[in-house]
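Asker: Before we start, here is the structure in question, set down as structure tokens.
What follows draws every value from the coordinates through simple rules; no lab data is involved. Please read all numbers here as calculations on a predicted model, not as lab measurements. Here the Cβ is made from the backbone with ideal geometry for all residues, glycine too, and neighbour counts use every protein chain on show.
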Amino acid sequence: MRKAISCIVLSTIVAMSLSSAIASAPVARECDISEEQHLMQTEPVVEIISLGECKISAYCKENYPHICNNGDSSQTATGTVPLAGRTVAVDPKVIPYGSEVIINGHTYIAEDCGGAIKGNRIDILFDTHQEAIEFGIQYTNVSYLIKESV
Ligand SMILES: [Zn+2]
């Protein structure tokens, strides 16, 4: 008789722990999925896209209203601080903002835009207007890297 009672108690405990395991199962699976998504978001997806020959022009960040800017060159179109040697203006429909743009072996960042910068045309930022004039207009092959999936 005593043995029978302990058997019932034991089976009740087993049943309880089983039901709690089943109840928690979907929660555990949700956690696994979100962890997977987290990994996918942080993993950089690098894609290299060749645009072929592009028209390359130049502009400057001298702070007065003229052809290069409207007198406020403190910020790019994407809110970054413009930096000669890094900043290029692009058509974001062609090159997504944030892409690394490779021109003549130098890597720039697509972080600005301009009224005349449409299609396969890129504007390279220089410190002075004189440097921009000296660069003039050049035609060269351009490729860009997408660092993250958007
Ligand atoms: Zn200028």
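Asker: Taking 0.36 nm per residue of separation and subtracting the Cα-Cα distance, what length does fully extending I48 through E134 add?
Answerer: Gain on extension, I48 to E134, equals 28.0 nm.
Asker: Would you mind ranking I56, I137 by Cβ crowding within 10 Å, fewest neighbours first?
Answerer: Arranged by neighbour count, lowest to highest, I56, I137 become I137, I56.
Asker: Kindly put K61, K55, K93 in sequence by how many other C-beta atoms sit within 10 Å of each C-beta, fewest to most.
Answerer: Listed from fewest to most nearby Cβ atoms, that is K93, K55, K61.
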